[in-house]
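Values in this text are rule-based calculations from the coordinates and carry no lab data. All values derive from a computational prediction rather than experimental measurement. All Cβ positions, even for glycine, are placed from backbone atoms using ideal geometry, and neighbour counts span all protein chains on display.
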């Protein structure tokens, strides 16, 4: 079977595997490929029984794999995975369970799966990384590290040409509502992002963590690094422009771009809100 590249090709390949009652699905690809596979599993319902997922990373950043775990075929070969497929209870692979985001760009558009959504500075940073860094071979954590440094420098000199704030309304299923000129918004079901970022410190129930930082947040430059690694100081509060919470669903109303697992989309208020929820939960294995 040839490699599947497009969304349609991936769907066709998965239909064949589903007909064979595959229970362990190995994905060789980056975050975009993983996103498309998860969409067919949880939105299109290709499999009668959800398979366990193993990721062989071959993308530019592989954020999902870095969190859920990846299969290191180059160093350890296929043997551990084959042992797991035959004797899942007696193998030494690591298992991780993750909720999967369901993203609907507007009420008239079909939903798809993802792991991380970013608005504002994240959207601009991903665009910059893909257009200026990936094409010269800077992949993995190097590109995001350069983009984050560039972002901090822009904040220090108050240069918002490349990180234009986004006026947005954020509401979650617990009734939290934030109407803000946002410098950055991010939501995820992963436990950590690239560079070991974990920009979440809010409490509450929910499978999704989300945070938004206002462009006029007090002590922004001083407090942002701590917030980015989940270690906020005392002043990192909603009253000072830093809001973080957990929820099972979130709606976003704004005009502009947003990025999901490296893929860019456009939101328009007049077409309706971007809806975030949980599509389901999947198991991942790694070694």
Whole-percent tail of the Cα-Cα distance distribution for region 7-102, cut at 19 Å, equals 42
Hits in region 233-259: amide N under 19 Å from the 7 Å Cα→Cβ extension of residue 176, namely 233-254
The chain, Gaussian network, Cα under 10 Å: of 86, 15, 275, the residue fluctuating most is 86
So, with points 7 Å from each Cα along the Cβ direction, the residue 158-residue 216 label distance in nm works out to 1.2
Heads up, region 199-287 by the C-alpha gyration tensor (a ≥ b ≥ c square roots of eigenvalues; a/c under 1.5 rounded, else a/b over b/c prolate, else oblate) looks oblate
Longest principal axis of the chain (C-alpha) makes with the long axis of helix 31-42 (C-alpha) an angle, in degrees to the nearest 10, of 70
So the angle from the long Cα axis of helix 142-156 to the longest Cα principal axis of the chain, reported in degrees to the nearest 10, equals 10
Under a Gaussian network model of the chain whose springs join Cα atoms within less than 10 Å, the largest fluctuation of 72, 90, 216 belongs to 90
Computed over all unlike Cα pairs, the Kirkwood hydrodynamic radius of region 159-253 in Å stands at 13.4
Comparing 245, 121, 74 in a Gaussian network model of the chain (Cα, 10 Å), the one with the largest mean-square fluctuation is 74
Helix 7-19 sits off the longest principal axis of the Cα atoms of the chain, rounded to the nearest 10 on a 0 to 90 degree scale, by 40
Summing -39500 (n - 2.57) over every DSSP H run of at least 4 in the chain, dividing by its residue total and rounding to the nearest 500, the 222 nm mean residue ellipticity is -7500 deg cm²/dmol
If each part is reduced to its alpha-carbon centroid, region 88-110 and region 68-83 end up apart, in Å, by 20
